[in-house]
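Participant: Please see the structure below; I have some questions.
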Amino acid sequence: MKITGEVVRVLPDDTNTDEIISGKYKYDELDLNKLARHTFESIESGFFDECRKLQAPILVAAANFGCGSSREQAPQVLRACGISCIIAESFARIFYRNGFNIGLPLIECEGISSHVSQGNRLIIDFNAGLIRNMTRQEEYRFKPIPTFMQELLQKAGLMQYLEAHGGYTD
Amino acid sequence: MKTLSEKILSTRSGADVRSGDIIAVPVDLVFAHDGTLPLAIQQLGGHSVKHPERVAAICDHASPSPSEKVSNVQTLMRRFARENGIDFYENGDGICHQIVLEKYAAPYKIIIGGDSHTCTHGALGAFATGMGSTDVAAILAYGNTWLKVPETIRVELSGGLCDKVHSKDVFLELLSRITADGATYKALEFSGDGIEEMTVESRATMANMAIEAGAKVGMFATDEKAKAYLEHYGRGSEFAPLSADDDATYIREVRIEAETVVPMIAKPHKVDNVVPVTDLEGKELDQVCIGSCTNGRIEDLRVAARILKGSRSKVRLIVYPASRNVLLKAVREGIVETLLRAGAAVCPPGCGFCIGRTVALGDGEVSLSTQNRNFKGRMGNDKSFIYLASPSTAAASAITGTITDPRNLSD
């Protein structure tokens with residue numbers, strides 16, 4: 001599995017799910033495409049529009065990305081914005097789980113937020129555990145994602161994976 | 001050689017498990033609320049609910065419903081609960097975690113909630129953790145879930161807390177030491193004579209906040225106090241003794257001397273941005289909030305009422321009791337009258353101010369709250385500021401209208 005895209009933002013430590021999508025919207029709206037227009041609203045405006053202009057925007061972050069509330073709307077709106085992958089130094093655990101459950105690729109890569117800048121073009125090879133920064137001519141390694149989690153991504157989510165397997169197998 | 005988490009997960013999975021093992025376990029209770037259940041219902045699609053008797057649905061986040069959009073979402077939940085024979089908790093019944101603590105949580109149970117503060121139920125010896133809506137849907141359909149057995153950080157509290165110092169202050173002190181991702185993927189396990197001295201409600205405050213350090217669960221051994229708590233709610237038969245082995249392995253140990261803990265406060269906009277209250281005394285406030293799944297229990301309201309009795313709040317004072325039971329007790333004990341006479345807006349049990357949907361701040365306003373999170377925009381306005389503290393600090397601060405060390409107020 002490979003993804004080629006452009007870094008749309010490099011975010012700091014502890015970017016939380018309230019910042020990704022405010023609680024004041026999540027009870028009103030089940031249409032994730034409408035909800036996505038409010039992504040990162042408390043930090044900046046126009047994130048959704050900017051992402052939609054790119055072919056496969058990649059979000060990069062420092063440590064503990066997605067901390068705070070378990071709201072699944074957070075990875076959902078990011079995916080609805082068109083984000084193809086999120087690469088962070090580390091993820092909060094509920095967000096990490098949620099990302100895979102909805103088929104949004106998440107990669108933990110040490111030092112990534114200091115290696116890349118907004119606008120860099122990256123090629124991500126999931127099987128090799130390699131990110132190639134085509135803009136800076138650099139490479140970064142990450143721990144390859146376990147096969148069953150790659151399958152979650154390929155099946156585009158947990159429910160689809162469980163349907164295919166008839167449930168959780170030990 | 002097992003930690004509390006390893007003991008529970010070994011018993012429930014039927015295998016001898018250790019931290020790092022990935023296991024599938026049955027789920028004794030799965031619950032979600034008006035912020036997370038609707039998305040789970042969507043994800044469930046055409047699947048039926050495998051064990052409806054192990055499910056609860058609660059309207060708490062936007063309760064009472066402030067808009068037609070929210071009401072429509074709650075209608076969806078109500079219909080789903082009715083069609084599937086699921087326990088449903090209406091507007092005004094209370095916050096999901098308080099309802100679960102009163103009616104469902106018990107030692108050795110595996111509890112998954114569509115809410116990050118599900119870790120609260122570790123206070124009664126349950127292995128309880130939060131997950132997203134799709135995981136909730138998968139549990140509704142299949143009845144079980146997969147987990148990685150966590151490593152454990154042991155937090156030992158020794159000695160007794162000083163007057164006007166509470167378990168909230170202990171947790172904020174802990175957070176200042178280990179920070180917001182200090183326990184990511186780990187279990188926090190609380191022990192020591194300082195913990196043994198604490199009531200179940202005080203323990204619940206600490207278990208509730210475990211997620212603010214990134215933890216999976218916040219565990220406590222069970223004892224006579226846990227038994228009495230369960231008996232009080234008619235569930236004494238669900239008690240079981242639970243303790244960690246003396247030779248259990250912990251990846252880190254944090255020791256806190258209870259006598260050295262002082263009233264603490266988390267500054268905007270991060271929960272681990274913690275300082276002693278004395279550093280901020282005199283800072284002007286626009287609003288004080290007492291309640292939430294962290295500190296909205298009867299013990300918290302008693303503490304606040306004791307301080308507020310005979311005084312009048314200088315600022316907007318919003319009180320949200322955590323459940324119908326809590327509010328009933330507060331009425332019977334005269335606490336509601338005390339709070340009303342002090343100028344409080346006593347509101348229907350629910351999340352209220354914490355999530356900014358039925359209560360919101362104005363531009364530039366400063367609020368001091370007993371809740372668990374102070375992220376930017378949390379209380380309904382990105383241009384406002386949230387400080388987190390204990391019920392004593394909150395009550396004292398309401399009287400002066402500024403951030404106040406509760407130890408400085410004469411009784």
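Participant: Among B:L328, B:L361, which is the only one that is more than 18 Å from the chain's Cα centre (by Cα), on the phi < 0 side of the Ramachandran plot and within 14 Å of chain A (Cβ to nearest Cβ)?
Facilitator: Sole residue among the options that is more than 18 Å from the chain's Cα centre (by Cα), on the phi < 0 side of the Ramachandran plot and within 14 Å of chain A (Cβ to nearest Cβ): B:L361.
Participant: So, in the range B:44-65, of the ones that are hydrophobic (A, V, I, L, M, F, W, C) and not in a helix (DSSP H, G or I), which residue ends up farthest from the chain's Cα centre (by Cα)?
Facilitator: B:V49
Participant: Somewhere in the range A:94-101, is a residue modelled with pLDDT under 95, out of contact with any Lys or Arg (no Cβ under 6 Å at 6 or more places or on another chain) and among the aliphatic types (A, V, I, L, M)?
Facilitator: There is at least one residue in the range A:94-101 that is modelled with pLDDT under 95, out of contact with any Lys or Arg (no Cβ under 6 Å at 6 or more places or on another chain) and among the aliphatic types (A, V, I, L, M).
Participant: Going through the range B:378-404 one residue at a time, which ones are within 11 Å of chain A (Cβ to nearest Cβ) and surrounded by fewer than 23 Cβ atoms within 10 Å (Cβ to Cβ)?
Facilitator: B:G380, B:N381, B:D382, B:K383
Participant: Would you tally the residues in the range A:121-141 being part of a loop (DSSP other than H, G, I, E, B) and either touching a Ser or Thr at 6+ places or on another chain (Cβ under 6 Å) or over 19 Å from A:V10 (Cα atoms) (or both)?
Facilitator: 4
Participant: Mind listing whichever residues of the range B:127-156 are in a loop (DSSP other than H, G, I, E, B) and facing chain A (nearest Cβ under 7 Å)?
Facilitator: Answer for the range B:127-156, where residues must be in a loop (DSSP other than H, G, I, E, B) and facing chain A (nearest Cβ under 7 Å): B:M131, B:G132.
Participant: I'd like to check something: does the range B:69-83 contain any residue that is within 14 Å of chain A (Cβ to nearest Cβ) and of a type in the set (G, A, S)?
Facilitator: Yes, there is a match, as at least one residue in the range B:69-83 is within 14 Å of chain A (Cβ to nearest Cβ) and of a type in the set (G, A, S).
Participant: In the set B:G143, B:G159, B:G130, which member is crowded, with 23+ Cβ neighbours inside 10 Å, in contact (Cβ under 8 Å) with a residue 40 or more places away in the chain and either small (G, A, S) or at positive phi (or both)?
Facilitator: Criteria check complete, one pass: B:G130.
Participant: Quickly run through the range B:145-156 and pick out the residues that are in contact with a Lys or Arg (Cβ under 9 Å, 6 or more places away or on another chain) and of a type outside the set (D, E, K, R).
Facilitator: Scanning the range B:145-156 gives B:L147, B:V149, B:P150, B:T152, B:I153, B:V155.
Participant: For the range B:192-200, state whether one or more residues are among the hydrophobic types (A, V, I, L, M, F, W, C), in contact with a strand residue (DSSP E or B) (Cβ under 7 Å, 6 or more places away or on another chain) and buried (at least 24 other Cβ atoms within 10 Å of the Cβ).
Facilitator: Looking for residues that are among the hydrophobic types (A, V, I, L, M, F, W, C), in contact with a strand residue (DSSP E or B) (Cβ under 7 Å, 6 or more places away or on another chain) and buried (at least 24 other Cβ atoms within 10 Å of the Cβ), one finds none in the range B:192-200, hence no.
Participant: Could you check B:T184 against (1) within 19 Å of the chain's Cα centre (by Cα); (2) more than 10 Å from chain A (Cβ to nearest Cβ) and say which number it fails?
Facilitator: Failing condition for B:T184: (2).
Participant: State the number of residues belonging to the range A:70-90 that are more than 10 Å from the chain's Cα centre (by Cα) and within 19 Å of B:K186 (Cβ to Cβ).
Facilitator: Residues in the range A:70-90 being more than 10 Å from the chain's Cα centre (by Cα) and within 19 Å of B:K186 (Cβ to Cβ): 3 in total.
Participant: Here's a check for you: in the range B:12-29, which residue that is outside any loop (DSSP other than H, G, I, E, B) and away from every other protein chain (no Cβ under 13 Å) is farthest from the chain's Cα centre (by Cα)?
Facilitator: So the residue we want is B:R12.
Participant: What's the number of the condition A:V116 fails, among (1) surrounded by 23 or more Cβ atoms within 10 Å (Cβ to Cβ); (2) of a type in the set (A, V, I, L, M, F, W, C); (3) within 15 Å of the chain's Cα centre (by Cα)?
Facilitator: The one condition A:V116 does not meet is (3).
Participant: Specify the residue that is farthest from the other protein chains (Cβ to nearest Cβ); the eligible residues are those in the range A:146-170 that are under 17 Å from B:S48 (Cα atoms) and part of a loop (DSSP other than H, G, I, E, B).
Facilitator: That would be A:G166.
Participant: Of the conditions (1) within 12 Å of another protein chain (Cβ to nearest Cβ); (2) over 24 Å from B:K109 (Cβ atoms); (3) surrounded by 15 or more Cβ atoms within 10 Å (Cβ to Cβ), B:L37 clears all except one; give me its number.
Facilitator: (2)
Participant: Quick test of your reading of the structure: A:F48 fulfils all but one of (1) modelled with pLDDT of 95 or more; (2) buried (at least 23 other Cβ atoms within 10 Å of the Cβ); (3) more than 19 Å from A:D13 (Cβ to Cβ). Name the failing condition by number.
Facilitator: (2)
Participant: Please go through (1) surrounded by fewer than 24 Cβ atoms within 10 Å (Cβ to Cβ); (2) in a loop (DSSP other than H, G, I, E, B) for A:R71 and return the number of the only condition it doesn't satisfy.
Facilitator: (1)
Participant: A further question follows. Can you give me the number of residues within the range B:157-181 that are in a loop (DSSP other than H, G, I, E, B) and within 13 Å of another protein chain (Cβ to nearest Cβ)?
Facilitator: Of the residues in the range B:157-181, 3 are in a loop (DSSP other than H, G, I, E, B) and within 13 Å of another protein chain (Cβ to nearest Cβ).
Participant: Any residue in the range B:111-126 that is at pLDDT 95 or above, under 12 Å from the mean Cα position of the chain (by Cα) and part of a loop (DSSP other than H, G, I, E, B)?
Facilitator: Checked the range B:111-126: at least one residue is at pLDDT 95 or above, under 12 Å from the mean Cα position of the chain (by Cα) and part of a loop (DSSP other than H, G, I, E, B).
Participant: Pick out, from the range A:17-65, the helices (runs of 4 or more DSSP H) lying fully within it that include 1 or more residues that are in contact (Cβ under 8 Å) with a residue 60 or more places away in the chain, closer than 28 Å to B:T184 by Cα and within 10 Å of chain B (Cβ to nearest Cβ).
Facilitator: A:17-20
Participant: Ok, one more. Which of the residues that make up the range B:247-298 are in a strand (DSSP E or B) and surrounded by fewer than 16 Cβ atoms within 10 Å (Cβ to Cβ)?
Facilitator: Scanning the range B:247-298 gives B:R252, B:E253, B:R255, B:E257, B:V275, B:E284.
Participant: Further question on the same structure: Going residue by residue through the range B:343-361, is there one that turns out to be of a type in the set (V, I, T) and modelled with pLDDT of 95 or more?
Facilitator: yes
Participant: Consider the range A:89-114. How many of its residues are of a type in the set (A, V, I, L, M) and within 9 Å of another protein chain (Cβ to nearest Cβ)?
Facilitator: Matching residues across the range A:89-114 total 3.
Participant: With respect to A:F95, is the statement that it is crowded, with 22+ Cβ neighbours inside 10 Å, in contact (Cβ under 8 Å) with a residue 60 or more places away in the chain and either part of a strand (DSSP E or B) or among the aromatic types (F, W, Y) (or both) true?
Facilitator: yes
The values are calculated or read from the model by the stated rules, or taken from the named source; none is laboratory data. Keep in mind the model is a prediction, meaning the values are calculated, not measured. Positions of Cβ are backbone-derived with ideal geometry, glycine not excepted, and every protein chain shown enters the neighbour counts.
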